[in-house]
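The values are calculated or read from the model by the stated rules, or taken from the named source; none is laboratory data. None of the values given here were measured: they were computed from a predicted structure. For neighbour counting, all protein chains shown are included, and Cβ atoms are generated from backbone atoms with ideal geometry for every residue, glycine included.
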Amino acid sequence: MPPMLVQPFAENAIRHGFMNMESKGNLSIIFERVEIDLLKCSVIDNGIGRDNARKAEQLPLIKDRQHSGTITESRIQLFNPSYLPAKYQLIYIDLFENDKPCGLKVELYLPMELGKG
């Protein structure tokens, strides 16, 4: 697995998703094989949601690293050869409960090399 692909999403959940929460935040990182040669990593939080985090980012203390997700997304796209269908993918899924934001799920799809033997 290319280094430092999952870390920015976990950090963003903690730094942005859990800010201003009155309850305890929960972060899950799940790896699962979805095809013989494809791994899915899900980073799931029960934070305040992307819309609320964007509103809160207007505060000056939080602007220091707001682009880490964009930078990581660009890096992921560089792994995909332009002449093949994209195997490396990144999907953001906003989570809701009773029409209120209740977190974010980030799915990162990574091709796997099959070992010999």
Kindly indicate whether residue 5 is assigned to a loop (DSSP other than H, G, I, E, B) and surrounded by 13 or more Cβ atoms within 10 Å (Cβ to Cβ).
-> yes
Please determine, by comparing only the residues of the range 79-101 that are aliphatic (A, V, I, L, M) and not in a loop (DSSP other than H, G, I, E, B), which one is farthest from residue 69 (Cα to Cα).
-> 95
Exactly one of 23, 28 is free of Cβ contacts under 8 Å to residues at least 40 places away in the same chain and either surrounded by 15 or more Cβ atoms within 10 Å (Cβ to Cβ) or not in a strand (DSSP E or B) (or both), and that one is 23
Does residue 113 meet the test of being within 20 Å of residue 5 (Cα to Cα), out of contact with any Lys or Arg (no Cβ under 8 Å at 6 or more places or on another chain), at pLDDT below 95 and exposed (fewer than 11 other Cβ atoms within 10 Å of the Cβ)?
-> yes
